[in-house]
1. Could you state the angle between the C-alpha long axis of helix 23-68 and the longest principal axis of the C-alpha atoms of the chain, as a value from 0 to 90 degrees rounded to the nearest 10?
2. How much length is gained if the chain between I54 and E12 is pulled fully straight, taking 0.36 nm per residue apart and subtracting their Cα-Cα distance, in nm to one decimal?
3. Which net charge results when you count Lys and Arg as +1 and Asp and Glu as -1 among the other residues whose beta-carbon is under 13 Å from that of L42?
4. Amide H neighbours of T8 under 5 Å, counting only residues 5+ apart in sequence or on other chains, H built in-plane at 1.01 Å?
5. Among A33, S47, N7, whose Cα projects farthest towards the positive end of the dipole of the chain, with charges put on the beta-carbon of Lys, Arg (+1) and Asp, Glu (-1)?
6. Measuring with a 1.4 Å probe in the full set of protein chains, what accessible area per residue, in whole Å², belongs to the chain?
7. Of the listed peptides 39-47, 22-30, what is their order by residue-averaged count of other C-beta atoms within 10 Å, with the highest listed first?
8. Can you tell me how much longer the chain between D62 and D41 gets when fully stretched, taken as 0.36 nm per residue apart minus their C-alpha distance, in nm with one decimal?
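The values are calculated or read from the model by the stated rules, or taken from the named source; none is laboratory data. Quick caveat: nothing in here was measured; it's all calculated off a predicted structure. Cβ atoms come from the backbone with ideal geometry, glycine included; neighbour counts cover every protein chain shown. Just the protein is used for accessible areas: all its heavy atoms, side chains included, with ligands, DNA and RNA removed. Shrake-Rupley method; radii C 1.70, N 1.55, O 1.52, S 1.80 Å.
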Amino acid sequence: MSEESKNTLTFEGTEYAVEDLSPRGQMIVGLVASVREESSDLQVRLSILRAAEITFSKELEDILNDEVA
């Protein structure tokens, strides 16, 4: 399912007007949009956490190498 604008969506090659959907259908469209947005936000958060892990691991490596030397 891909949203083409705020008022229509395309699902399996067929375009639908969101306003023509049942209330449940409209709610599901909103939920799908919300899930996609949250998923995107989580991908950004995961990228930040991975970068932090790499940075901290490098810093720990430097500390351990200095203590051994």
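1. 10
2. Values: separation 42, 0.36 × 42 = 15.12 nm, distance 4.06 nm.
Answer, rounded to one decimal: 11.1 nm.
3. Details: positive: R36, R45, R50; negative: E37, E38, D41.
Summing Lys and Arg as +1 and Asp and Glu as -1 gives 0.
4. Under 5 Å from the amide H of T8 lie the amide H atoms of V18, each far enough along the sequence or on another chain.
5. Farthest along the dipole direction, towards plus: N7.
6. Values: 5890 Å² over 69 residues.
That works out to 85 Å² for each residue.
7. Values: 39-47: 9.8, 22-30: 11.3.
Per-residue mean Cβ counts within 10 Å order the peptides as 22-30, 39-47.
8. Details: separation 21, 0.36 × 21 = 7.56 nm, distance 3.19 nm.
Net length gain for the segment: 4.4 nm.
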